[in-house]
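First up is the structure itself, then whatever we jot down about it.
The values are calculated or read from the model by the stated rules, or taken from the named source; none is laboratory data. Remember, it's a predicted structure, so these values are computed and weren't measured experimentally. Please note: Cβ atoms are built from the backbone with ideal geometry, for glycine as well, and neighbour counts cover all protein chains shown. Surface areas here come from the heavy atoms of the whole protein model, side chains and all, with no ligands, DNA or RNA. Shrake-Rupley method; radii C 1.70, N 1.55, O 1.52, S 1.80 Å.
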Amino acid sequence: MYNDWLTIGNFTIHGYGVMIALGFISALLISYHRAKVNDMKPDAILDLALWCVISGFVGAKGLYLIVEWKSFIANPIHFISGSGFVVYGGIVTGILVGLGYCKVKKINFFEYLNLIVPQIALAQGIGRFGCFFAGCCYGAPTESFLGIVFPEGSIAPAGVKLWPTQLIMAFGDLAIAGVLLLLWKNEKLRKFTGESYMLLYGIGRFLIEFLRNDNRGSVGALSTSQFISIFIVALAIILISVRLFWQKKKG
């Protein structure tokens, strides 16, 4: 809600950037520790983090560019340097680059994916608090007691009660992280951790979009993220079904 945390001369520390950085560092440290204690390669976690974060940033910004191409044409410099991202673009490109890295290094992609995804959800949850401070990803007007009024200077419209979509997404992502950690601790369910992330995040993202009111593109009656969520959820269900089928066949 208040994004400018500290200003020294011409340099300002923004809450959005702090929370994004905090989410990334927390996810990296926890992933590194979990890889170490589970006899996996912690150095691979560092490499994956570097490549996936860079590619994820480019992917999230690239999809935002596609969705908001008119804004890009109007002001390219501000568009590139601003806080606008589409998370799905980062998730998809990050996974593809991670898959390529694991193939080159000859390590099991799904084992590392299952280990990392709880921390990805954690990072997203922390990062969404940054969205709240900046006022981006804001909700539709509401008379609900849950409504939040943003101050002048926020990306969100000021002086109007809005659904706190950023906080709903933040706590939702943190809840997903908790569920995924519980799944991973169960040796029989561990192999479904990656698909469960896709399923839970896809459903949650589809639903929260009904409460959002920021410009984020559309495909027919659906927002861009809702449209992508349908395919993410469908893919998760297919992968889980195939895995269960082969597990039953082997058993």
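This table checks each residue for (1) out of contact with any strand residue (DSSP E or B) (no Cβ under 7 Å at 6 or more places or on another chain); (2) without any contact (Cβ under 8 Å) to a residue 40 or more places away in the chain.
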| residue | (1), (2) |
| --- | --- |
| GLY127 | yes, no |
| PHE132 | yes, no |
| GLU143 | no, yes |
| GLU152 | no, yes |
| TRP163 | no, no |
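For the stretch 171-190, the set of residues classified as more than 17 Å from GLY127 (Cα to Cα) and buried (at least 17 other Cβ atoms within 10 Å of the Cβ) consists of LEU180, LEU181, LEU183, TRP184, listed by residue number. If you take the residues of the stretch 1-60 that are without any contact (Cβ under 8 Å) to a residue 40 or more places away in the chain and touching a Pro at 6+ places or on another chain (Cβ under 9 Å), which of them is most open to solvent (accessible area, probe 1.4 Å)? It comes out as LYS36. Per the conditions (1) buried (at least 21 other Cβ atoms within 10 Å of the Cβ); (2) at pLDDT 85 or above, the sole criterion not satisfied by TYR64 is (2).
Only one of the numbered conditions (1) open to solvent by 20 Å² or more (accessible area, probe 1.4 Å); (2) assigned to a helix (DSSP H, G or I); (3) in contact with a strand residue (DSSP E or B) (Cβ under 7 Å, 6 or more places away or on another chain) is not met by ARG216, and that is (2).
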